[in-house]
Amino acid sequence: MSATAKVEAKPQSDAEIVEAYLTASMIPDPDAAAVYMAPGTVITFTGGREFDHPRGPTGFNAKRYRWVKKKMDRFDVCPGQDETVVYSIGTLYGEWKDGTTFEGNRYVDRFVVKGGQIVKMDVWNDSAERILVQRGIDA
């Protein structure tokens, strides 16, 4: 190979695309996260809230937490014929708006990746349950 030959970068795996999205989201840098999403992507957040850009969840999280990060324990990859479903499973840690720290808050994020871009995202976590317990409503 000549010194001027270009070496093409190996395309990222679907799990790496999801991890890069989540990493950018945690900065938080929603515009950098959006690079990994196809136009028209729907993000269905906790409680059924729908957003069309990572700015939506970032703004929602700013109302709930002083800061929040994900400890990404694993990625489960389910390849399909035309798309891949990637689950990111782990826990949240951070600080509530009142300054109380937390950790071990379970989450599952489900991504549909097609053609190297995220086309759908669903988010679930235990934050609402933890808020109920904080308020003495743990029935």
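Only the coordinates and a few stated rules stand behind these numbers; no lab work does. Quick caveat, the model's predicted, so the values are computed rather than measured. All Cβ positions, even for glycine, are placed from backbone atoms using ideal geometry, and neighbour counts span all protein chains on display.
Gain in length, K71 to Q117, computed as 0.36 nm per residue apart minus the alpha-carbon separation, to one decimal in nm? Write down the numbers at each step before the final one.
Values: separation 46, 0.36 × 46 = 16.56 nm, distance 2.24 nm.
Length gained, K71 through Q117: 14.3 nm.
Which whole-number percent gives the relative contact order of the chain, counting Cα pairs below 8 Å spaced six or more residues apart? Let's see the in-between values first.
Values: 237 pairs, mean separation 30.2, N = 139.
Over the chain, the number comes to 22 percent.
Could you work out the Rg to Rh ratio of the chain, with Rh taken as the Kirkwood radius (inverse of the mean 1/r over all Cα pairs)?
Using only Cα positions, Rg/Rh for the chain is 1.06.
Quick check for the range 14-134: number of Lys pairs with alpha-carbon distance under 20 Å, counting only pairs 8 or more apart or on different chains?
On the way: K63/K97; K69/K97; K70/K97; K70/K120; K71/K97.
Lysine pairs, 8 or more places apart or on different chains, close enough: 5.
Within the chain, which complete DSSP H helices have Cα atoms spanning at least 27 Å along the helix axis and a mean Kyte-Doolittle hydropathy of -1.0 or higher? The partial results should precede the final answer.
On the way: long enough: none.
Span-like helices here: none at all.
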Exercise. Using a basic spin-label model with each label point 7 Å from the Cα along Cα→Cβ, how many nm lie between I131 and R106?
Worked result: 2.0
For this session: For n ≥ 4 DSSP H runs only, could you compute -39500 (n - 2.57) per run for the chain, divide by its residues and tell me the 222 nm figure to the nearest 500?
Result: -7500 deg cm²/dmol
For this session: Choose one of P79, G40, H53: the residue whose Cα lies farthest towards the positive end of the charge dipole of the chain (beta-carbon charges +1 Lys, Arg; -1 Asp, Glu; about the Cα centre).
Result: H53
